[in-house]
Amino acid sequence: PSPRPAVQVSLCEFTNVLDVNLIANKIILDCLLGQYQVRQCLFCASIAGVRLRAGTLGYGVSKAALNALALVYAKEHPETFFAVLGLCNLQTNLLQNALNGPHVEQFPEIVALRDRALTANYVTHPVQRAEQVWQLYSGGFGKKLESGVFSEVRNLITH
């Protein structure tokens, strides 16, 4: 259950989140970059890796590390464009569980996020976000992004 205090997150739970959000990405990147000429790569990042909040240890740390991973790969592979996009509050079970978990009331920032999520158009359906990401890709990520540097989708689609 999330959110919860960092001291209540077991090492096993913590490493499981790192495995999914960070280590798996490195494994895939190494395979792709070792076998193909990759021109563009999209990281599904999160503002949670930039704006760390109490109660989000595994997710926040894994997304911060993912941002760092993308930037290192961008510096080492200048021939590849690394788009690092925060997909911003997708209507998913993960978000619902985080906003309605049993410990939410202990974390004022999560309560405030939950309250914002109840307002119109704050949470986006995944299909709509996928279409927006496709539009950014089709228009050329390089025109609005710096390779390896985190950006939020909602900021890009409004400009």
Odd one out for H103 among (1) closer than 16 Å to P5 by Cβ; (2) out of contact with any Pro (no Cβ under 7 Å at 6 or more places or on another chain); (3) not β-branched (V, I, T)
(2)
Please count how many residues of the stretch 120-141 are under 17 Å from the mean Cα position of the chain (by Cα) and either more than 22 Å from R39 (Cα to Cα) or in a loop (DSSP other than H, G, I, E, B) (or both).
8
Can you name the condition, by its number, that F81 falls short on among (1) touching a helix residue (DSSP H, G or I) at 6+ places or on another chain (Cβ under 7 Å); (2) surrounded by fewer than 19 Cβ atoms within 10 Å (Cβ to Cβ)?
(2)
Pair list, Cβ < 7 Å and 6+ apart or interchain, from the stretch 13-29 residues that are open to solvent by 80 Å² or more (accessible area, probe 1.4 Å) to residues that are at pLDDT 95 or above
K26/L69
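For L57, state whether it is touching a helix residue (DSSP H, G or I) at 6+ places or on another chain (Cβ under 8 Å) and either under 24 Å from A130 (Cα atoms) or not small (G, A, S) (or both). Working first, answer last.
Numbers: touching a helix residue (DSSP H, G or I) at 6+ places or on another chain (Cβ under 8 Å): yes; either under 24 Å from A130 (Cα atoms) or not small (G, A, S) (or both): yes.
Spelling it out, L57 is indeed touching a helix residue (DSSP H, G or I) at 6+ places or on another chain (Cβ under 8 Å) and either under 24 Å from A130 (Cα atoms) or not small (G, A, S) (or both).
Say whether the condition of being part of a helix (DSSP H, G or I) and open to solvent by 90 Å² or more (accessible area, probe 1.4 Å) is met by at least one residue in the stretch 52-73.
First, pick out the residues of the stretch 52-73 that are part of a helix (DSSP H, G or I): 57-73.
Cutting the leftovers down to open to solvent by 90 Å² or more (accessible area, probe 1.4 Å) gives us none.
Checking the stretch 52-73: not a single residue is part of a helix (DSSP H, G or I) and open to solvent by 90 Å² or more (accessible area, probe 1.4 Å).
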Could you check K63 against (1) at pLDDT 95 or above; (2) out of contact with any helix residue (DSSP H, G or I) (no Cβ under 6 Å at 6 or more places or on another chain) and say which number it fails?
(2)
May I ask you to list pairs of residues, at least six apart or on different chains, whose Cβ atoms are under 8 Å apart, with the first in the stretch 130-147 being charged (D, E, K, R) and the second being assigned to a loop (DSSP other than H, G, I, E, B)?
K144/H159
Kindly indicate whether any position in the stretch 35-52 is without any contact (Cβ under 8 Å) to a residue 12 or more places away in the chain, out of contact with any strand residue (DSSP E or B) (no Cβ under 8 Å at 6 or more places or on another chain) and not charged (D, E, K, R).
yes
The stretch 101-119, residues that are part of a helix (DSSP H, G or I), farther than 18 Å from K63 by Cβ and touching a residue at least 60 places away in the same chain (Cβ under 8 Å):
V104, Q106
Members of the stretch 136-159 found to be closer than 16 Å to G86 by Cβ, of a type outside the set (S, T, Y) and open to solvent by 90 Å² or more (accessible area, probe 1.4 Å), listed by number:
K144, E146, H159
Search result, residues across the stretch 99-151 that are under 16 Å from A45 (Cα atoms) and among the polar types (S, T, N, Q)
T124, Q132, S147, S151
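The values are calculated or read from the model by the stated rules, or taken from the named source; none is laboratory data. It should be emphasised that the depicted structure is a prediction, and the values quoted were computed from it without experimental measurement. Ideal geometry is used to build each Cβ from the backbone, glycine not excepted, and the neighbour counts take in all protein chains shown. All accessible areas refer to the heavy atoms of the entire protein, side chains included, with ligands and DNA or RNA removed. Shrake-Rupley method; radii C 1.70, N 1.55, O 1.52, S 1.80 Å.
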